[in-house]
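The values are calculated or read from the model by the stated rules, or taken from the named source; none is laboratory data. Just so it is clear, the model here is predicted, and its values are computed rather than measured. Here the Cβ positions follow ideal geometry from the backbone for every residue, glycine too, while neighbour counts run over all protein chains shown.
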Amino acid sequence: MSNVSPLDDVRSLDSEAAKILVLYDQKRAAVLPLLRLAQEKAGFVSPEAEAWVSEHTGVPLVHVHEATSFYTMFHVKPHPKHHIRFCCGTSCMLRGSEERLAYLKEKLGVRDGVSSDGLVFVEESECLCACETAPMMQVDDRYVGDLDSAKIDAELDKIRKDAS
Amino acid sequence: MTEPVLSRNFNIPDACMIEVAEKRGAYQTARRAIMTQTPEEIGQAVTASNLRGLGGAGFPTGKKWQFLPKDRTRPVYLVVNADEGEPGTFKDRYILERDPHQLLEGILLAAYAIRCQKAYVYIRGEYVEPWRRLQNALDQATAKKYFGKNIFGTSFSLEVVIHRGAGAYICGEETGLLNSLEGWKGFPRLKPPFPAIVGLFNCPTIMNNVETLSCIPHIVKNGPDWFASLGSPGNGGTHLFSVSGHVNRPGVYEMPMGTPLKEIIEKAGGVRQGHRLKAVIPGGISAKILTADEADVRMDYDSLRAAGTMLGSAGIIVMDETTCMVKALLYATKFFAHESCGQCSPCREGTGWAYKIVKRIYEGKGRMRDLDVLLSVAKGMEGRTICAFADAASWPVQSYILKFRAEFEDYIRRTSSGRD
Amino acid sequence: MINITIDGKQIQVAEGTTIIQAIDQNGMDLPRYCYHPGLSIAGNCRICQVEIEKAPKTVIACNTKVTEGMVIYTRSPKAKESQQVVLEYLLANHPLDCPVCDQSGECKLQDYYMDYGLYSPKFDDPKVKKTKKAFPIGPTIMLDQERCILCSRCVRFCDEITRTHELGIFNRGNRAEVDLGPGKVLDNPYSGNLADVCPVGALTDRDFRFKLRVWYLGSQESVCPGCARGCNTYIHYERSRPYPLKTQRVMRLKPRENPAVNQWWMCDGGRYAYPSIDKERNLFVRIRKSGVLLQTDWQGGLDAAAKLICETKGSWGLLISAQLTNEELYLSKRLFVDFLKWKSVGFRSRLDFGVEDDFLIKKDKNPNAFGVKALLGLDETSIDSVLQDAEQRPPEGLFVFAHDLDKILGTQRFKQLRSKIKNIIFVGPQENATALASDVLLPSACYAEIDGTFTNFEGRVQRIRKALEPTGSARPLVEILQGLEMRLGERQTMQATEEVFAELAKQNAFFSGLNYDLLGHSGRLGNNGPAAAKGKK
């Protein structure tokens, strides 16, 4: 997390935003990529980021915020550094996802989705379409499948190592 | 089936690198076709091949392309639907990760056939590694001038932009995707007008699924008759079937259209050791479930429709006797309640209502009359909404209760003392 | 033209008409929430379901265009089932707020349930809770997210009509909520229309909140006198409450549809100006005796006014007002200009003007400047010039309609003027400093208490209709003026307002050919006015 103000944070992305805007035949199509760009910088979509997206795309602020609230991948508050999407689809359920999820949540001491050390957010996600490796989860960008306790432990170790 | 078609490169290491892909023939068909054939010839081949949309709707692809207006006052867009989200389906992910150049070549041919110069690929937000590989593959192909201006030295130009979604199943719906691509919430649009007339940015638009487009190089290379003959009457080609659940080897299996379901399950190693088949969903979570007794069906669009269900996304979910159907329905209704976009009232309220009732039943507070209420809540949504999401949401409710009613009633009796 | 059949009735409609438009054009019914003729089509409520012969499913009428020979059923079993089923979904999570909801009595959920519902409800799980209940989103509107059926009319209004983009629908599925955009307040000049546009009690008028149950309201058609646009309105007044409120009669104003003037809308300035109908009114006839204004009766007041005018042989300064109706203006001309031959006449003051926008609000804050110009031949003659003359060469008297000279001149100047002028007669509905400084004060009825006509900026002549009896001792100005005429001239009998209009239409080219029947409910353009010149009707 930077000590820079949220406004300066997004302003520093202006040139990257320009590169994205030229890809689209209409500016407003850049709403999602710009929101993502802002979120990747600051860890979440701040009100300043939304205003910045509105300015660049010409989309009224209220409709930018509608998009932020609609899509599950955008967070409107400061977010833990790591995000685990634990697949709660039918195929994963059939192969024991509930027990694995319970194990993961216990290991992390999850309350309201956040681990006790504040580093990890655990989202009970809809099907991630990796049913061939069920039960599975997505740790940040990576799909991790064929989960058992050992594999879950290994992933949590990676996260802890990354933190220190 | 002798030779794999769509999956031939799936187990070739580094097939997503252009050098490897080209050694195995990538872009040769496109080069020859764009340099020597007319767009109409490509379109005719696709029509004759009986290729049907492999995203779920099964609409004949060639026919869809013909809906474009003949006189072009506005540019035409090609949009690739890579927003795979149907639970139980992962075949498009395989193509994106393991053979992206096959898709890119299909995009080239399709864009050429419909005379379009700009294509967008809308890829599901959670698909990070697939996106990286596709973007990388596109960059490599662009560097070799297979995309951009004057492709293969002809007047045909094509720019492809890969656009990432942000976590919403409804963006896999054709017009929901268009609205999402345009920067709005993924609300499906009222139809008519259809996207071929008014689509992306108000322009005529063709949207095709990843797998559908991946078939096109093969059709053009080997001819439509060959492709049609691989499948069953009216359902051309092979298909990538995603098999998951209580099987020994979950995975993607390429089989001819019309292959018996049981054969595909066997290919995936059959039901888990020591268990027997109880039920199977043939086409992703939206498809009406089949009992073990009903599983002797052929897997193509027409046969499954005749059997009272659908091929859909061909996501085969196998359930053995350990499966509690109440729990299975809980998961299905929870999915639809979470993913409903909320735009129109029957779906917004109906999906939430159905989930509430099933949850209450599952948690032991069900009543016998809940089952008929549930059926009527589901049936009420059908045919009355802006898009087919509500129909899809109603089918698991209707089919699980219809076909496993005794189990539901027994569950209620056991867990809530048979209250009425 | 296209031939279709709806519920057995054969009708002809233009190509491109939707089924719901065809239904509305032919006086038939169909339930609808998200459809509004002034807004884009959303098609999300799904209740306007109709059955079309040979079609497998019912379709929504708002987005289906008619085709030649189409046969439509709005009340067939299939159509009714669809309508009923959708209604049940909408009511499933709807809070049972009717006893405390202002919308009760004019609520489309209630109305459609009685007309198209009457089913046995199946929902008995806990209803979905939303974040904001009874939450003010601006100075005029209260939001209740739980009552909201997410028809998106309010969002579309703020996007398409005012283009101020205050509202949006956030989240997904049955967690969706209408709310203000980040950092926004609903304070555009047309915010009051949202309470009209919302078909249920999700957006309600704060000014009207908990004031009166709507079934106690009477309604009368009128025109807003707030500016030269002349938005068509309904005056809603208390009529049948068993225990009358007595503090005010008019409870609210609502816009009345007129495609040529204000479509379906009115501005907040006009909408919330109704208190002046009941507040700070001149209630009594008063005459100044020994420096004090004393109450008297109409006989006494009119006699005193006539006497003052008679005794002074010279002409007075006449400060007429663009607040007057055409009939009142015509009678003023007949009496003061034609008969008494007064020369110094003015009507404009700088207080007449305010802000204008590119939508409904006109900068002239009077309803009938056009009438003044057409009937008295005055262009923009200001009362400032009349008053300046009066300051230099004080006339015998000033006859003032409605204006507050204290505000126009400033208290100092007004005091000086007052001391120079022997006689001031004031006629008007509102009490002000000039009224209280006058020698004869004649209380006139306000626009809600009379029949008459205004002419808007475009030259459209529109009727106002009497909703209430004049308050206190006030009388319609047409009666007051004729009362003076009878004392000063040869007039023997009172003409009714409609007769006055008939006479002025004979005399004045602009109004020629018009009469009350022709003006009807939407008004008519006068002859060779600015809009008529553009070819409008």
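State whether one or more residues within region B:138-154 are at the interface with chain A (Cβ under 9 Å from one of its Cβ atoms), modelled with pLDDT of 95 or more and not in a loop (DSSP other than H, G, I, E, B). Outline the logic, then answer.
Going through region B:138-154, the residues at the interface with chain A (Cβ under 9 Å from one of its Cβ atoms) turn out to be none.
Checked region B:138-154: no residue is at the interface with chain A (Cβ under 9 Å from one of its Cβ atoms), modelled with pLDDT of 95 or more and not in a loop (DSSP other than H, G, I, E, B).
For region A:47-101, filtered to residues that are more than 11 Å from chain C (Cβ to nearest Cβ) and of a type in the set (S, T, Y), the residue that is surrounded by the most Cβ atoms within 10 Å (Cβ to Cβ) is A:S91.
Per-residue answers, yes or no, for (1) of a type in the set (A, V, I, L, M); (2) farther than 19 Å from B:I206 by Cα; (3) surrounded by fewer than 22 Cβ atoms within 10 Å (Cβ to Cβ); (4) not assigned by TED's automatic domain parsing to the domain that holds B:A82:
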| site | (1), (2), (3), (4) |
| --- | --- |
| B:Q117 | no, no, yes, no |
| B:L138 | yes, yes, no, no |
| B:A141 | yes, yes, no, no |
| B:K145 | no, yes, yes, no |
| B:V161 | yes, no, yes, no |
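Restricting C:A61, C:A22, C:A55 to residues that are surrounded by 19 or more Cβ atoms within 10 Å (Cβ to Cβ), hydrophobic (A, V, I, L, M, F, W, C), more than 25 Å from C:L91 (Cβ to Cβ) and out of contact with any His (no Cβ under 6 Å at 6 or more places or on another chain) narrows the list to C:A22.
Among the residues that make up region C:111-131, is at least one of them free of Cβ contacts under 8 Å to residues at least 60 places away in the same chain, within 14 Å of chain A (Cβ to nearest Cβ) and of a type outside the set (S, T, Y)? First the steps, then the outcome.
At the first step, the residues of region C:111-131 found to be free of Cβ contacts under 8 Å to residues at least 60 places away in the same chain are C:111, C:113-114, C:117-131.
From what's left, within 14 Å of chain A (Cβ to nearest Cβ): C:130-131.
Filter once more, so that each one left must be of a type outside the set (S, T, Y): C:130.
Yes, there is a match, as at least one residue in region C:111-131 is free of Cβ contacts under 8 Å to residues at least 60 places away in the same chain, within 14 Å of chain A (Cβ to nearest Cβ) and of a type outside the set (S, T, Y).
Among the residues of this structure, C:L442 does not count as one that is touching a residue at least 40 places away in the same chain (Cβ under 8 Å) and assigned to a helix (DSSP H, G or I). Only one of the numbered conditions (1) within 11 Å of chain B (Cβ to nearest Cβ); (2) crowded, with 16+ Cβ neighbours inside 10 Å is not met by A:D141, and that is (2). For C:P31, the criteria (1) over 30 Å from C:D205 (Cα atoms); (2) buried (at least 19 other Cβ atoms within 10 Å of the Cβ); (3) within 14 Å of chain B (Cβ to nearest Cβ) hold in every case but one, which is (1).
Let's see how each residue does on (1) outside any loop (DSSP other than H, G, I, E, B); (2) touching a Pro at 6+ places or on another chain (Cβ under 7 Å); (3) outside the structural domain of C:K307 (by TED's automatic domain parsing):
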position: C:S473; (1), (2), (3): no, yes, no
position: C:G483; (1), (2), (3): yes, no, no
position: C:R487; (1), (2), (3): yes, no, no
position: C:Q495; (1), (2), (3): no, no, no
position: C:F501; (1), (2), (3): yes, no, no
position: C:F510; (1), (2), (3): yes, no, no
position: C:L518; (1), (2), (3): yes, no, no
position: C:H521; (1), (2), (3): no, no, no
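Of the residues B:S399, B:S394, the single one that is more than 11 Å from chain C (Cβ to nearest Cβ), among the polar types (S, T, N, Q) and surrounded by 24 or more Cβ atoms within 10 Å (Cβ to Cβ) is B:S394.
Taking B:N202 as the residue in question, decide whether it is buried (at least 24 other Cβ atoms within 10 Å of the Cβ), assigned by TED's automatic domain parsing to the domain that holds B:A57 and among the polar types (S, T, N, Q).
Values: buried (at least 24 other Cβ atoms within 10 Å of the Cβ): no; assigned by TED's automatic domain parsing to the domain that holds B:A57: yes; among the polar types (S, T, N, Q): yes.
No, not satisfied.
The residues of region B:214-258 that are farther than 16 Å from B:G58 by Cα, touching a Lys or Arg at 6+ places or on another chain (Cβ under 8 Å) and either away from every other protein chain (no Cβ under 14 Å) or hydrophobic (A, V, I, L, M, F, W, C) (or both), listed by number, are B:V243, B:V247, B:V252, B:M255. Looking across region C:97-110, the residues that are closer than 20 Å to C:L150 by Cβ and either part of a helix (DSSP H, G or I) or without any contact (Cβ under 8 Å) to a residue 24 or more places away in the chain (or both) come down to C:C98, C:K108, C:L109, C:Q110.
Specify which of the listed residues (C:F414, C:F510, C:F454) is over 30 Å from C:I361 (Cα atoms) and among the aromatic types (F, W, Y).
Working: C:F510 fails: over 30 Å from C:I361 (Cα atoms); C:F454 fails: over 30 Å from C:I361 (Cα atoms).
That would be C:F414, the only listed residue that is over 30 Å from C:I361 (Cα atoms) and among the aromatic types (F, W, Y).
Out of B:R384, B:R405, one residue alone is more than 14 Å from chain C (Cβ to nearest Cβ) and either surrounded by 24 or more Cβ atoms within 10 Å (Cβ to Cβ) or of a type in the set (D, E, K, R) (or both). It is B:R405. Is it true that A:H75 is of a type outside the set (G, A, S) and under 28 Å from B:P188 (Cα atoms)? Judged against the criteria, A:H75 is a match. For C:C154, the conditions (1) within 12 Å of chain A (Cβ to nearest Cβ); (2) within 28 Å of C:S219 (Cα to Cα); (3) surrounded by fewer than 19 Cβ atoms within 10 Å (Cβ to Cβ) are fulfilled apart from (3).
Looking only at residues in region C:64-99 that are away from every other protein chain (no Cβ under 11 Å) and β-branched (V, I, T), the one that is surrounded by the fewest Cβ atoms within 10 Å (Cβ to Cβ) is C:T67.
Looking at B:T47, B:T89, B:T29, B:T61 in this structure, which one is closer than 25 Å to B:E254 by Cα, in contact with an Asp or Glu (Cβ under 8 Å, 6 or more places away or on another chain) and at pLDDT 95 or above? Spell out how you get there, then give the answer.
On the way: B:T47 fails: in contact with an Asp or Glu (Cβ under 8 Å, 6 or more places away or on another chain); B:T89 fails: in contact with an Asp or Glu (Cβ under 8 Å, 6 or more places away or on another chain); B:T61 fails: in contact with an Asp or Glu (Cβ under 8 Å, 6 or more places away or on another chain).
It is B:T29.
Regarding B:E126, is this residue in a loop (DSSP other than H, G, I, E, B) and facing another protein chain (nearest Cβ under 10 Å)? So B:E126 passes the test. Residue pairs whose Cβ atoms lie under 6 Å apart, sitting 6 or more positions apart in sequence or on different chains, and linking a residue in region B:239-261 that is within 9 Å of B:D300 (Cα to Cα) to a partner that is among the acidic types (D, E), are B:M257/B:D300; B:G258/B:D300. In this structure, A:A134 does satisfy being buried (at least 18 other Cβ atoms within 10 Å of the Cβ) and at pLDDT 95 or above.
Going by the conditions given, is C:S240 small (G, A, S) and free of Cβ contacts under 8 Å to residues at least 40 places away in the same chain?
Details: small (G, A, S): yes; free of Cβ contacts under 8 Å to residues at least 40 places away in the same chain: yes.
For C:S240, the condition - small (G, A, S) and free of Cβ contacts under 8 Å to residues at least 40 places away in the same chain - is met.
Scanning region C:493-537 for residues that are among the basic types (K, R), at pLDDT below 95 and surrounded by 12 or more Cβ atoms within 10 Å (Cβ to Cβ) gives a single hit, C:K536. If the condition is being among the β-branched types (V, I, T) and either more than 24 Å from C:L360 (Cβ to Cβ) or in a helix (DSSP H, G or I) (or both), then region C:457-471 contributes only C:T471.
Screening the candidates B:Y331, B:Y301 for the property of being aromatic (F, W, Y) and away from chain A (no Cβ under 14 Å) yields one hit, B:Y301.
Whenever a residue of region B:37-62 is on the phi > 0 side of the Ramachandran plot, its partners that are in a helix (DSSP H, G or I), lying with C-beta atoms within less than 6 angstrom and at least six residues away or across chains, give the pairs B:N50/B:A228; B:G58/B:Y301. B:D372 fulfils the conditions (1) within 14 Å of chain C (Cβ to nearest Cβ); (2) in contact with a helix residue (DSSP H, G or I) (Cβ under 8 Å, 6 or more places away or on another chain); (3) surrounded by fewer than 24 Cβ atoms within 10 Å (Cβ to Cβ) except for a single criterion, (2).
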